[in-house]
1. Rank Met37, Leu219, Leu200 by how far each Cα sits towards the positive end of the charge dipole of the chain (+1 on Lys, Arg Cβ; -1 on Asp, Glu Cβ) and give me just the farthest.
2. Placing unit charges on C-beta atoms (Lys and Arg positive, Asp and Glu negative, everything else neutral), compute the dipole magnitude of the range 4-142 about its Cα centre in debye, rounded to 20.
3. Quick check: with the 1.4 Å probe, what order do Tyr15, Tyr194 take by accessible area, largest first?
4. Rounding to the nearest 20 debye, state how big the charge dipole of the range 165-227 is about its Cα centre with +1 on each Lys and Arg Cβ and -1 on each Asp and Glu Cβ.
5. For a quick check: with amide H placed at 1.01 Å from N, whose amide H comes under 5 Å from His27's, ignoring anything fewer than 5 positions away on the same chain?
6. Looking at the square roots a ≥ b ≥ c of the eigenvalues of the Cα gyration tensor of the range 67-198, which shape do they give, rounded for a/c under 1.5, prolate if a/b is larger than b/c, or oblate?
7. How high is the relative contact order of the chain, in percent, counting Cα pairs under 8 Å that sit 6 or more residues apart?
8. 5 Å is the cut-off here: which amide hydrogens, built 1.01 Å from N in the peptide plane, fall below it relative to Arg61, excluding neighbours closer than 5 in sequence?
Amino acid sequence: MNAPVHRPGISLRRYEAVQATDEHDFHQIVLGFDGAMGMAVDGRESHIDRHRAWIIPAHARHEYWAEGVNRQLVLDLPATSVAVPERFFERARTVNLDSAMTQLVADIALNAGIHDGRFAWQAAAHLCGALMADAGASVVAEARGLDFARIDRWLRLHLSEPLRIADLAAHCGFGMRRFHQLFSEAFGETPHRYLHRLRLDTALALLADPRAALSDIALDVGFADQSAFTHAFSKRFGIAPGLWRNGLRAPDPRQH
């Protein structure tokens, strides 16, 4: 039996006219890139093209078929990989892609053949950040729980600032205990753990700029210094940020 996959995967796929069925234990986002295809998830059917994407929760049975020549960008997201609120995947649905998102999909799709774990991590973090930035328009407001999309956007905008969860709870109008409970239900983990992953996800994009000093990146994503950043980054990704930037890949635990 294969070991669980804890890192995201990204690929450019062509779908055939013959209908097929799939189900997997990780979340998936199928982003339209070229041409169109049909998909039905949990009985709901819709096509996707370069202006639309499918959000597919883990274990959701989905059927798909092509509508002519097509290529679609597929993002596989194990629950322990990129920081995205768990409730974002509460139900299967389509989301519309604006012009900026369409361009981002195109840029990533043209490089999706790069067989490098670093690229998959960076692309997944970038795509999920962009999707969450637009989530307010695509996620139906719910009376229960927290507005997870708004909180995620707020956290991304304030990563460099010291954050007291009690202040965020008060900002959202909840007591500390109740906020902690609601946050864990919506995001799938505690506020501190989610924020920690979010900081490291953001660091991946910053590392792509060779001009950015590691000490500056550490401060930009909310670590006290470069040493604390290097320790946290190495613990999560299995490689120091400087080596990551230089192109060395972390060993794949599935090969051991």
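The values are calculated or read from the model by the stated rules, or taken from the named source; none is laboratory data. Everything numeric here is computed off the predicted structure, so don't read it as measured data. Here the Cβ is made from the backbone with ideal geometry for all residues, glycine too, and neighbour counts use every protein chain on show. Accessible surface areas use protein heavy atoms only, side chains included; no ligands, DNA or RNA. Shrake-Rupley method; radii C 1.70, N 1.55, O 1.52, S 1.80 Å.
1. Leu219
2. Details: 12 positive and 18 negative charges, 39 e Å.
That gives the range 4-142 a dipole magnitude of about 180 debye.
3. Working: Tyr15 25, Tyr194 0 Å².
The residues order as Tyr15, Tyr194, largest area first.
4. Details: 6 positive and 8 negative charges, 50 e Å.
Taking the Cα centre of the range 165-227 as origin, the dipole is about 240 debye.
5. Ala58, Leu77, Ala79
6. Numbers: a/c = 2.29, a/b = 1.76, b/c = 1.30.
The shape class here is prolate.
7. Working: 416 pairs, mean separation 44.4, N = 256.
After rounding, I find 17 percent.
8. Asp42
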